[in-house]
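**Student:** The following block contains the structure, expressed as structure tokens.
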Amino acid sequence: MKAAPAGRRWRLPGLGVATVASMVDAGRGIVLFPLLTGSLRLGEYGVWALVSVTVTLLYAVSGLGLGGALVSRFAPQERSNAILTALVAVSAWSCAVGLALAAGADLLADMLNTPGVARPLRLGALLLPLGALTTLQVEALKLLEVFGRYALLSVGRTVGEIIGIAVALRIEPSVTAVVAGMVVADVLALVLGWWLLRSSRPAGGAPTKALLRPLLAVGLPLVPTMLGYLVINFSDRYFIGRLDGPDAVGRYTAAYALGALLVGVGAPILAILVPAATRRWHAGDRDGAAACFSLAVKAYLLLGVPATVGLGLLGRDLLLRLAPAEYADAAPLIPLIAAGYVVFTATAVSQYVFQLAGTTRVLLATVAAGAGLNLVLNMALVPPWGAEGAAAATLVSFVATGVPMVVLSRRHLKFGIGVGDVWRCAVAALSMAAVVHAAGGSPTFPSLLLRALVGAAVYAGAAMALRVVSQDERRILADQLRLRHRAA
């Protein structure tokens, strides 16, 4: 490849590749959902959900919060040593957590009253060090702003897992086979990440004990925060599984798979706007940082409000196209779960403000209170109402966690959106709903696609007419979209 002229280089700020990577990651759930529900029995899909939830919860513990610590505390000249230090620490700790999961798999299966969980959990213990290290590599590449390589690793990992699971299910349609396919894919992703990171960071550097302490000082308080978020998201599977069995978990997880799509679809927002806000914060431009965070919140609302309305209209037909008919009872839960995720994604932006300000303990207390509330609500609502009670508990918990987070984070940075922005999004979404509902249609893929495209066009037109996005916000977005010429 021909080098750029001395003293100058061209750079794409990353929105394109980050968008591709995030959209592929979001598409992972859509691809795997029919693959898993079509290959596994309903109860086996519920067992897979319990295994996946357990591994995801332990990912938060395995990573030690060091991905967030790298973003928060280290200047560019320190990042190479800090990344190496984080990788060594996570390697040792995640292996220990994986061994603990393997040893406790039978006990956990007894607690869940689901014996079929034990074997895949023991194999899934291998995913903890593999996944924790690959996730840290992805965050490090993003931190170094080598977005092309970040996208390559992110996409490669996602595509590898899809292929690994598909091949494993062809060999043996079982939960254990699914986990085995993921293990093989994660090994390959880890090797790819090592090569990409090795060629991306500055030459030299070594892990040091001197950097480990500040890394852990910021990272460890993030671990219970991440666990709190995951408890709000996933603890209901344990309650449903123990009380109603793996079949009920399978149906609820199917609704969750569609209702939670906003997280993946909106990931490009955070992939670009959070690093942009971080640069402005460290440069002392608090107004610029606030503008980036405000735009991130508004962008999530712009995506989330119509998505929730659309899933309320089309969710049942979509579910019946992607899964067998035995999952149809889960359809009414989809818009309720989607509404919870609109609140979650829009308010979770504030966590980055706490990290930048170094007040993660306030964030921890807020999320811990929300997680505790979620557990109480699940204990109260799941026994009488099952999955409907779990979905309601999740929505209430997200609201009770997110609103205080935004209020408290504004002590450090005044960002957010106005009530008028929310109303304009709602009016545009209602216009979309009226057109889609009046159009009608059959539950076939062409009809679903046509209704979705018509709805998106109506919503976009209404949002533009109502000027949901201001001129200043369009300028910020345009600055991230265009090629920028800068001195080396």
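**Student:** Quickly rank 371-384, 388-401, 34-47 as a protection proxy: mean count of other C-beta atoms within 10 Å, highest first.
**Tutor:** Answer by packing, highest mean first, reads 388-401, 34-47, 371-384.
**Student:** By its C-alpha gyration tensor, with a ≥ b ≥ c as the square roots of the eigenvalues, how is the stretch 58-200 shaped: rounded for a/c under 1.5, else prolate for a/b larger than b/c, else oblate?
**Tutor:** It comes out oblate by the Cα gyration axes.
**Student:** So if I restrict to the alpha-carbon atoms in the stretch 411-474, what is the Rg, and what is Dmax, the biggest pairwise distance, in Å?
**Tutor:** Rg and Dmax of the stretch 411-474, Cα atoms, are 15.3, 51 Å.
**Student:** Here's something else I'd like to know. Label the stretch 348-429 by shape, choosing from rounded, prolate and oblate, from the square roots a ≥ b ≥ c of the eigenvalues of the Cα gyration tensor; if a/c is under 1.5 it is rounded, and otherwise prolate applies when a/b is larger than b/c, oblate when it is not.
**Tutor:** Oblate is the answer for the stretch 348-429, as a/c is 1.5 or above yet b/c matches or exceeds a/b.
**Student:** Moving on to the next point. Can you give the Kirkwood hydrodynamic radius for the stretch 124-167, in Å, rounded to one decimal and based on Cα pairs?
**Tutor:** Kirkwood hydrodynamic radius for the stretch 124-167: 11.1 Å.
**Student:** Scan (1) 0.96; (2) 1.01; (3) 1.47 for the value of Cα Rg over 2.2 N^0.38 Å calculated from this model and give just the label.
**Tutor:** Label of the calculated value: (1).
**Student:** Using θ = phi - 60° and the Karplus curve 6.51 cos²θ - 1.76 cosθ + 1.60, what whole-Hz ³J(HN,Hα) does each residue of the stretch 36-46 get, with Gly and Pro shown as x?
**Tutor:** With the stated coefficients, the stretch 36-46 comes to 6, 5, x, 9, 9, 5, 3, x, 5, 5, x Hz.
**Student:** Run the helix sum for the chain: -39,500 (n - 2.57) per DSSP H stretch of 4+ residues, divided by residue count, reported at 222 nm to the nearest 500 deg cm²/dmol.
**Tutor:** Taking each H run of at least 4 residues, the total per residue is -28000 deg cm²/dmol.
**Student:** Which shape class, rounded, prolate or oblate, goes with the stretch 225-371 when its Cα gyration tensor gives a ≥ b ≥ c as root eigenvalues, a/c under 1.5 marks rounded, and past that a/b bigger than b/c marks prolate?
**Tutor:** Oblate shape, in that a/c is at least 1.5 and b/c is the bigger or equal ratio.
**Student:** Using each residue's phi in the stretch 420-435, evaluate 6.51 cos²θ - 1.76 cosθ + 1.60 at θ = phi - 60° and report the 3J(HN,Hα) Karplus result to the nearest Hz, with x for Gly and Pro.
**Tutor:** Taking θ as phi minus 60°, the curve returns x, 4, 4, 5, 5, 4, 5, 5, 4, 5, 5, 4, 4, 4, 4, 5 Hz for the stretch 420-435.
**Student:** Among 303-314, 166-177, how do they line up by average Cβ neighbours within 10 Å per residue, starting with the highest?
**Tutor:** Per-residue mean Cβ counts within 10 Å order the peptides as 303-314, 166-177.
**Student:** If you don't mind, there's one more thing I want to ask. Among Leu153, Thr37, Leu320, whose Cα sits farthest toward the positive end of the charge dipole of the chain (+1 at Cβ of Lys/Arg, -1 at Cβ of Asp/Glu, about the Cα centre)?
**Tutor:** So the residue we want is Leu153.
**Student:** Give me Rg over Rh for the stretch 46-130, both radii from the alpha carbons and Rh done the Kirkwood way, two decimal places.
**Tutor:** 1.12
**Student:** Mind listing the phi-derived Karplus ³J(HN,Hα) values for the stretch 322-336, rounded to whole Hz, using 6.51, -1.76 and 1.60 with θ = phi - 60°, and x for any glycine or proline?
**Tutor:** My calculation for the stretch 322-336 gives 9, 9, x, 4, 5, 8, 4, 5, 7, 4, x, 7, 4, x, 5 Hz in order.
**Student:** Next up: For the peptides 341-347, 402-408, 361-367, 103-109, what is the packing order when you average, over each peptide's residues, the other Cβ atoms within 10 Å and list the highest mean first?
**Tutor:** Averaged packing, sorted descending, gives the order 341-347, 361-367, 402-408, 103-109.
**Student:** Note down the magnitude of the dipole of the chain about its Cα centre, charges +1 on Lys and Arg C-beta and -1 on Asp and Glu C-beta and zero elsewhere, to the nearest 20 debye.
**Tutor:** 1960
Read the figures in this text as sums done on the coordinates, not as results from a lab. Being a predicted model, the structure only gives us computed values, none of them experimental. Every residue, glycine as well, gets a Cβ built from its backbone with ideal geometry; the counts of neighbours run over all protein chains shown.
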